[in-house]
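As structure tokens, the structure follows; a few thoughts come after it.
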Amino acid sequence: MNFKTDISYRKQSLIKLLNCVHLHEEEIIKALHDDFKKPAFEAVLSETGYIIAELNHTIKNIHKWAKPQLVLPSLLNFPSTDYIYKEPYGKVLIIAPWNYPYQLALCPLIAAVAAGNQVVVKPSELTPNTSGIVAKIISKAFDESHVKCIEGGVEITQQLLAQRWNYIFFTGSIAVGKIVAKAAAENLTPVTLELGGKNPCIIDETANIKLAAKRIVWGKFLNAGQTCIAPDYLLVSNKIKTAFIESLKKEITDAYGENPETSPDFPRIINKKNWDRLTAMLENETLLAGGKTNSKDFYLAPTLLDEPGLDSLVMKEEIFGPILPILSFGNEADLTSIISRYEKPLSLYIFSNDKAFAKKIIQNYSFGGGCINDTVVYFSNKKLPFGGVGQSGIGAYHGKLSFDSFTHRKAIVKKGNWLDIPIRYAPYKGKLNNLRRILKWLG
Ligand code: NAD
């Protein structure tokens, strides 16, 4: 077994993983439900189906991605053939969060294996049912000396971080991202940090109100708002605010019924700590919809808040739950004064039929990625980089970019021996003018 150099072996490993993933799909769907009542539809859409598609795509393309890439040689080196060799980093650590606990553990794993690395995966301790099946799938699909799953919480993660790695891929909060970055810096280990932030969602007066409300309700309340790229807060033109709120309320009822607590399609908050954090955000706020809670199973209804203060709890940090603050704006200066208060977000969404306005927003603000007239779905295109900027993350992945993230690109010039142009060799006397002429000619 040589996963470092044998691309066919890596491909066979991924085919084995694909078989295990198919074999255990129902168990994963059940585990996700046991962990936080994730509906089967969402589990297939955003976890198992996603991973199967990513595996098929990687298996199909691995030979193409992994082979040395011929590039145009530089005339300065004539005669030469120039290549980029794809070298695995070596020992890779993947740390996953709980909100998409299967997909966010396996997606980077697929790429790390495709690129020829030896991998340790540390799933989240907050979704123990899913974590247990991830561990089972990994132990069935891979030799332990190739890929290993280590389950555990903060202490185990800190022990892992104290070891020396050749690459660390972390998905999680900004606070822990900083801990990971510090640990990696000790050995100058390169990192991908997939973090979070406060994602604005702007709706101007030209937007299609009904469709915008439908797509926002879907993207926000999917996974009960526990999605890193969910809209965090709305900025609605004050010209359409009243109508827009009515549309949002209608869409919530259409999706989850009069009492979302009994809907099979609405998950729960992951644990008491997060439920306490979220319910505290409701205190002293004006409710437009929802607000109902149940501490027994950490239920929190899809909730709309009207104009919370910018210094309120809900506007201070990433919400990461089913609470949607609605702020209104009158002009572009209002937008700037709110959006610019926060660090660069992971996502930004614009609902508008005014092309010039949408273009201006994209140019004016820095953010990881986003959509015009939709939410969340930019995640699903393998050809688009997925990752943050500034505090929302370092690096990007998905599709071939994932393979590239786990690959060192080694530059090689293979020089011909049949000609040796003498100008570069000392002594340089009398050569400077010729050098200038050649450089000018080469441009
Ligand atoms: P988290 O940072 O608390 O935990 C992530 C991982 O780090 C877990 O495996 C956990 O065991 C470990 N960890 C926790 N505390 C640690 C510590 N003190 N030292 C070392 N390791 C530690 O994040 P979470 O609560 O699991 O996930 C929610 C966060 O993740 C949100 O901020 C969300 O925006 C972000 N997120 C980002 C993406 C993305 O793709 N950018 C995807 C999902 C979630």
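The values are calculated or read from the model by the stated rules, or taken from the named source; none is laboratory data. Here the structure is a predicted model, which means the values were calculated and not measured. Neighbour counts are summed over all protein chains in view; Cβ atoms, including those assigned to glycine, are modelled from backbone coordinates with ideal geometry. Note: accessible area is taken over every heavy atom of the protein model, side chains too, but ligands, DNA and RNA are not part of it. Shrake-Rupley method; radii C 1.70, N 1.55, O 1.52, S 1.80 Å.
Some points to look at:
- Restricting attention to segment 180-204, the residues being more than 15 Å from the ligand (Cβ to nearest atom) and open to solvent by 30 Å² or more (accessible area, probe 1.4 Å) number 3.
- Near pairs, Cβ below 6 angstrom, 6+ apart or cross-chain, from segment 404-419 (among the β-branched types (Val, Ile, Thr)) to any residue that is in a strand (DSSP E or B) and modelled with pLDDT of 95 or more: Thr407/Lys86; Ile412/Tyr83; Ile412/Tyr85; Val413/Ser80; Val413/Asp82
- Any hit, segment 340-354, residues being open to solvent by 30 Å² or more (accessible area, probe 1.4 Å), within 30 Å of Gly116 (Cα to Cα) and more than 16 Å from the ligand (Cβ to nearest atom): no
- For segment 331-364, filtered to residues that are touching a residue at least 40 places away in the same chain (Cβ under 8 Å) and of a type in the set (Ser, Thr, Tyr), the residue that is nearest to Ile216 (Cα to Cα) is Tyr349.
- Among the residues making up segment 292-316, those that are more than 21 Å from Leu126 (Cα to Cα), open to solvent by 60 Å² or more (accessible area, probe 1.4 Å), touching a residue at least 12 places away in the same chain (Cβ under 8 Å) and assigned to a loop (DSSP other than H, G, I, E, B) are Lys292, Glu307.
- Among the residues of segment 133-161, those identified as within 19 Å of His22 (Cα to Cα) and part of a helix (DSSP H, G or I) are Ile133, Val134, Ala135, Lys136, Ile137, Ile138, Ser139, Lys140, Ala141.
- Segment 414-443, residues that are under 19 Å from Pro79 (Cβ atoms) and open to solvent by 100 Å² or more (accessible area, probe 1.4 Å): Lys414, Asn417, Trp418, Arg424, Trp441
- Some residue of segment 71-82 being without any contact (Cβ under 8 Å) to a residue 24 or more places away in the chain and within 15 Å of Thr130 (Cα to Cα): no
- Ile168 vs. criteria hydrophobic (A, V, I, L, M, F, W, C), open to solvent by less than 10 Å² (accessible area, probe 1.4 Å), within 16 Å of the ligand (Cβ to nearest atom) and assigned to a loop (DSSP other than H, G, I, E, B): no
- Going through (1) within 16 Å of the ligand (Cβ to nearest atom); (2) of a type in the set (A, V, I, L, M); (3) closer than 16 Å to Lys220 by Cα one by one, Met281 falls short only on (3).
- Answer from Pro88, Pro123, Pro97 - the residue that is under 20 Å from Glu27 (Cα atoms), touching a residue at least 60 places away in the same chain (Cβ under 8 Å) and of a type outside the set (S, T, N, Q): Pro97
Residue by residue, here is whether (1) in contact with a strand residue (DSSP E or B) (Cβ under 9 Å, 6 or more places away or on another chain); (2) more than 26 Å from Ile269 (Cβ to Cβ) holds:
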| site | (1), (2) |
| --- | --- |
| Gln69 | yes, yes |
| Pro73 | yes, yes |
| Ile94 | yes, no |
| Ser124 | yes, no |
| Ile137 | yes, yes |
| Glu144 | no, yes |
| Val147 | yes, yes |
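- If the condition is being polar (S, T, N, Q), free of Cβ contacts under 8 Å to residues at least 60 places away in the same chain and not in a strand (DSSP E or B), then segment 264-291 contributes Asn274, Thr279, Asn284.
- From the options Glu246, Glu261, Glu251, Glu205, residue that is assigned to a loop (DSSP other than H, G, I, E, B) and charged (D, E, K, R): Glu205
- Considering the conditions (1) surrounded by fewer than 21 Cβ atoms within 10 Å (Cβ to Cβ); (2) within 25 Å of Asn331 (Cα to Cα); (3) over 27 Å from the mean Cα position of the chain (by Cα); (4) of a type in the set (A, V, I, L, M, F, W, C), Leu211 is excluded by exactly one of them, (3).
- Taking helices (runs of 4 or more DSSP H) as the structural unit, those lying wholly within segment 14-129 and holding at least 2 residues that are assigned by TED's automatic domain parsing to the domain that holds Gly399 and within 15 Å of the ligand (Cβ to nearest atom) correspond to 25-36, 49-66, 103-114.
- The single condition among (1) away from the ligand (no atom under 16 Å from the Cβ); (2) surrounded by fewer than 16 Cβ atoms within 10 Å (Cβ to Cβ) that Gln158 does not satisfy is (1).
- All of Glu144, Glu87, Glu151, Glu125 fail the test of being touching a Lys or Arg at 6+ places or on another chain (Cβ under 6 Å) and of a type in the set (Asp, Glu), apart from Glu87.
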